[in-house]
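Nothing in this text is a laboratory measurement; each read-out follows from the coordinates by a stated rule. Please read all numbers here as calculations on a predicted model, not as lab measurements. Neighbour counts run over all protein chains shown; Cβ positions are idealised from the backbone, glycine included.
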Amino acid sequence: MKSITLVFIALFLSSLVLTKGEEENPSCVVEDLQICKTAVTTGRPPSTECCDKLKEKQTCFCDYLKDPRVSHYITAAKQILAACGIPFPSCN
C-alpha cells in the first residue's frame with residue numbers, strides 16, 4: 001500500500017511541475033523539438049533546421065529540462081547544443 005501511495009504522490013507532483021511550466025510559458029512544448037529527433041537518436045550532427053528551432057526555443061530550455069521525458073537525453077542535448085553553437089542553460 002505504501003508503494004502505491006508513493007507512486008501516486010510522485011505522479012501528482014510531476015503533473016504539478018509540468019502544469020506549472022505550461023502555465024508559465026505555453027509555447028514551451030517539448031514536441032516542438034521533433035525536428036531534432038534524428039540527431040538525438042542517431043548521434044548524427046543536427047540539421048540546420050534543428051539548430052534554428054533550438055535557437056528559437058532557447059528561453060524554454062529550463063522548462064524542457066523539468067520534463068521527465070527529456071531527462072534521459074541530457075548528454076545528447078549537450079552535444080547537440082554545442083554543435084549548434086548554443087550554450088547549455090544554467091537553470092535555478
* To do: Return the distance in nm (one decimal) between the two label points of a simple spin-label model at Ala83 and Asp67, each offset 7 Å from Cα along Cα→Cβ.
  => 1.9 nm
* Structure fact -> Given all pairs of distinct Cα atoms, the range 36-92 yields a Kirkwood Rh in Å of 11.4 Å
